[in-house]
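The values are calculated or read from the model by the stated rules, or taken from the named source; none is laboratory data. Bear in mind the structure is a predicted one, so any value in this text is a computation, not a measurement. Backbone-built Cβ (ideal geometry, glycine too); neighbour counts: all protein chains shown. These accessible areas exclude ligands, DNA and RNA; they are computed on the full protein's heavy atoms, side chains included. Shrake-Rupley method; radii C 1.70, N 1.55, O 1.52, S 1.80 Å.
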Amino acid sequence: MGNRRTALVTGGTSGIGEATVRALIAAGWRVIATGRRRARLETLVAELGADRLCPAVFDVRDEAARDIALAALPHDFADIDLLVNNAGLALGMARAQEADVAAWKTMIDTNVTALVSLTAKLLPGLVERRGAIVNLSSVAASYPYAGGNVYGATKAFVRQFSLSLRSDLAGTGVRVTSIEPGMVETEFTLVRNGGDRAASDSLYAGADPMTGDDIARTIRWVADLPPHLNINTIELMPVSQSFAGFQVVRA
Ligand code: NDP
Ligand code: 8X3
């Protein structure tokens, strides 16, 4: 199909990104799925078809590897209409006074620096095609919690960058949306806790959390809206999750 639109989804190997790849392909998009885990991308291509899904294996923090992978995209996938900046992570729940600065830098490098760099790289083409950008922020952008420190700050950056992009892109027709989920059961907590499966399972147990599919359905809806309509931000939570009060330390 000559008029099929093309999306690039970072972090397509797992969770929200993988579900978004599936949802967009089901809606008729061509998709470039990125990630470091080549085998997972190859399995997805085998399932969804090389005519619809193109894998691009690179670490988002490695701009040289990213540029080589993007330069090698087949002709059919080269004109990107939708960028889904999804790759990201949290590392640990340590309070700031005990935190590992290397983990902080990894989160900033991945969630912020790589995201802005890829966005800058793809923006000229997105402007040319009046495309769209969907950025994965989080409820952690708006609601601080102990141990969320740098993770929450990276997601606040993503939210504000998204809104600021809208100002810069006035008149271009490019749409920008910040998606801000609460608890979604993915590999997120496994990664955050250094691979501790029991810690991940116990967080989600009995909570009826959102799924990657829930968020993917939202991204697909945003992506397929008519071109005159921009969703600025969407905040989503499972019904089981809500707000607690401020903490007060008494003498
Ligand atoms: P997962 O851990 O399941 O998926 C994370 C994805 O990001 C993987 O595909 C991973 O690919 C990719 N990724 C991480 N680091 C890198 C890197 N350096 N280079 C390339 N790819 C990378 O988590 P989620 O699906 O939950 O997370 C997706 C996004 O949603 C994140 O930005 C997260 O902050 C956000 N989010 C998640 C919530 C949740 O509760 N789960 C709630 C709110 C927001 P690979 O390892 O193969 O490289
Ligand atoms: C992930 C949601 O609440 O663990 O962004 O920070 S939370």
Quiz item: Of the listed peptides 143-150, 104-111, what is their order by residue-averaged count of other C-beta atoms within 10 Å, with the highest listed first?
Solution: 104-111, 143-150
Quiz prompt | Local electrostatic count, residue 84, Cβ distance below 12 Å [Lys/Arg +1, Asp/Glu -1] | solution = -1
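Leaving out ligands, DNA and RNA, and with a 1.4 Å probe, what % of the accessible surface on the stretch 137-214 is carbon or sulfur? Present the calculation step by step, with values, prior to reporting the outcome.
Values: 1820 of 3460 Å².
Exposed carbon and sulfur together represent 53 percent of the surface.
Based only on the alpha carbon positions, what is the Kirkwood hydrodynamic radius of the stretch 163-251, in angstrom? Numbers along the way, then the final one.
On the way: mean 1/r = 0.0628 Å⁻¹.
About 15.9 Å, per the Kirkwood formula over Cα pairs.
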Exercise. Starting from the Cα gyration tensor of the stretch 1-134, take the square roots of the eigenvalues, sort them a ≥ b ≥ c, and report rounded, prolate or oblate (rounded when a/c is under 1.5, otherwise prolate if a/b is larger than b/c, else oblate).
Key: prolate
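I'd like the FRET efficiency for residue 45 and residue 98, computed as 1/(1 + (r/R0)^6) with the beta carbon distance as r and R0 of 51 Å, rounded to 0.05. Mind dumping the intermediate values first?
Details: r = 42 Å, r/R0 = 0.83.
Working from the Cβ atoms, E equals 0.75.
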Quiz prompt | Charge dipole magnitude, Cβ of K and R +1, D and E -1 - the stretch 106-199, Cα centre, debye nearest 20 | solution = 260
Practice problem: Compute the separation of the alpha-carbon centres of the stretch 187-203 and the stretch 113-169 and state it in Å as a whole number. | Solution: 25
Self-check item: Mean Cα-pair separation over length for the chain, i.e. relative contact order, pairs under 8 Å, 6 or more apart, %
Solution: 20
Quiz item: What Kirkwood hydrodynamic radius, in Å, does the stretch 112-179 give when the mean of 1/r is taken over all pairs of distinct Cα atoms and then inverted?
Solution: 12.5
Practice problem: Could you provide, to the nearest whole Å², the per residue accessible area of the chain with probe 1.4 Å? | Solution: 50
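Under 1.5 on a/c is rounded, so check that first for the stretch 103-145, then, if it is not, pick prolate when a/b is larger than b/c and oblate when it is not; a ≥ b ≥ c are the square roots of the alpha carbon gyration tensor eigenvalues. Present the calculation step by step, with values, prior to reporting the outcome.
On the way: a/c = 5.31, a/b = 1.76, b/c = 3.03.
Cα axes put the stretch 103-145 in the oblate bin.
Looking at the stretch 196-251, which trypsin sites (Lys or Arg not before Pro) are in a loop (DSSP not H, G, I, E or B) and have at most 10 other Cβ atoms within 10 Å?
Details: sites: 197, 217, 220, 250; in loops: 250.
Answer by residue number: 250.
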Quiz item: Which one of 108, 84, 172 is farthest out on the positive end of the charge dipole of the stretch 48-191, using unit charges on Cβ (Lys, Arg +1; Asp, Glu -1) and the Cα centre as origin?
Solution: 172
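Only Lys, Arg, Asp and Glu count, each charged at its Cβ (+1, +1, -1, -1), so figure out the dipole size of the stretch 15-59 about its Cα centre, rounded to 20 debye.
Numbers: 7 positive and 5 negative charges, 13 e Å.
Roughly 60 debye for the stretch 15-59.
Using the alpha carbon gyration tensor of the chain, what are the three equivalent-ellipsoid semi-axes (square root of 5 times each eigenvalue), largest first, in whole Å?
On the way: eigenvalues 179, 81, 65 Å².
Semi-axis lengths for the chain are 30, 20, 18 Å.
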